[in-house]
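Since every read-out is calculated from the coordinates, none of them should be taken as a lab result. Quantities reported herein were computed from a predicted structural model and do not represent experimental measurements. When we count neighbours, we look across all protein chains shown, and the Cβ atoms used for this are built from the backbone with ideal geometry, even at glycine.
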Amino acid sequence: MGIVLFRVDERLVHGQVTLGWGSQLRPAAYWVVDDDLARTDWEGDLYRLGVPADAQSDFFTVGDGRERLPGWLASPSRYVVLTRDLDHMLRLARGGLLAGKAVNLGGIHHRPGRAEVLPYLFLDGEDRDRVRELQREGVAVWAQDLPGAPEVRGPALVDA
């Protein structure tokens with residue numbers, strides 16, 4: 001089964017991910033790829049509080065994630081891979097490591113310079129460039145905050 005969801009979400013492990021997506025996908029683990037969190041035990045411990053008792057979680061640098069990715073993809077277990085931003089996901093995908101896979105944009109929120117694409121998705125020019133780069137890496141990019149909500153794909157994500 002391997003990875004059942006690649007998701008970019010600034011909040012990482014939270015209710016939409018563990019209850020919304022987790023109840024549908026039933027992952028055995030939530031793997032967070034984030035350079036800062038992988039080096040900060042106490043902050044990772046806070047995020048682990050949101051992980052269901054029947055699932056594992058761990059935090060990896062982009063380099064560690066890239067090394068583990070083939071094993072995750074080939075595993076019979078089900079995993080969710082999360083990054084807090086498009087930069088981390090793009091660095092994970094570089095060199096075709098995610099070619100043929102899909103990345104969900106689930107929660108990139110407002111801050112100065114970002115424009116609303118969807119109520120839960122705000123992108124600036126660099127974010128849009130990263131989406132295009134992911135697409136050039138062979139990754140399908142789609143936005144959907146929760147299962148059952150409308151999916152948004154294609155030019156609507158980068159041309160708004």
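Quick notes on this one:
- Extension gain (nm, one decimal) between A74 and H109, 0.36 nm per residue minus Cα-Cα: 9.4 nm
- Span per principal axis, largest first, for the Cα atoms of the stretch 23-114 (Å): 39, 32, 28
- Evaluating 6.51 cos²θ - 1.76 cosθ + 1.60 at θ = phi - 60° for every residue in the stretch 135-148, the Karplus couplings come out as 5, 5, 7, x, 9, 7, 10, 9, 10, 6, 6, 9, x, x Hz, glycine and proline recorded as x.
- Karplus-derived 3J(HN,Hα) values for the stretch 93-109, using 6.51 cos²θ - 1.76 cosθ + 1.60 with θ = phi - 60°, are 7, 3, x, x, 5, 10, 4, x, 9, 10, 10, 8, 9, x, x, 10, 9 Hz; glycine and proline are entered as x.
- Gaussian network model of the chain, springs between alpha carbon atoms under 10 Å - residue of R132, R84, R68 with greatest fluctuation: R68
- Amide H to amide H distances under 5 Å link F6 with V81, N104, where only residues 5 or more positions off or on other chains count and H is placed in the peptide plane.
- Pairwise centroid distance, computed over Cα atoms, of the stretch 1-27 with the stretch 28-73, Å: 12
- Across the chain, the relative contact order, built from alpha-carbon pairs under 8 Å that are at least six residues apart, equals 28 percent.
- Estimated purely from DSSP H runs of n ≥ 4, each contributing -39500 (n - 2.57), the mean residue ellipticity at 222 nm for the chain is -8500 deg cm²/dmol once divided by its residues.
- Note on the stretch 1-52: Rg/Rh from Cα positions, Kirkwood definition for Rh, rounded to two decimals, is 0.95.
- Difference of contour (0.36 nm per residue) and Cα-Cα distance, Q135 to Q56: 25.5 nm
- Cα centre as origin, Lys/Arg/Asp/Glu Cβ charges: the stretch 27-160 dipole, Debye: 420
- Principal semi-axes in Å for the stretch 52-160 [√(5λ), Cα gyration tensor, largest first]: 24, 17, 14
- Here the contact order of the stretch 78-160, divided by its residue count and restricted to Cα pairs under 8 Å and six or more residues apart, works out to 31 percent.
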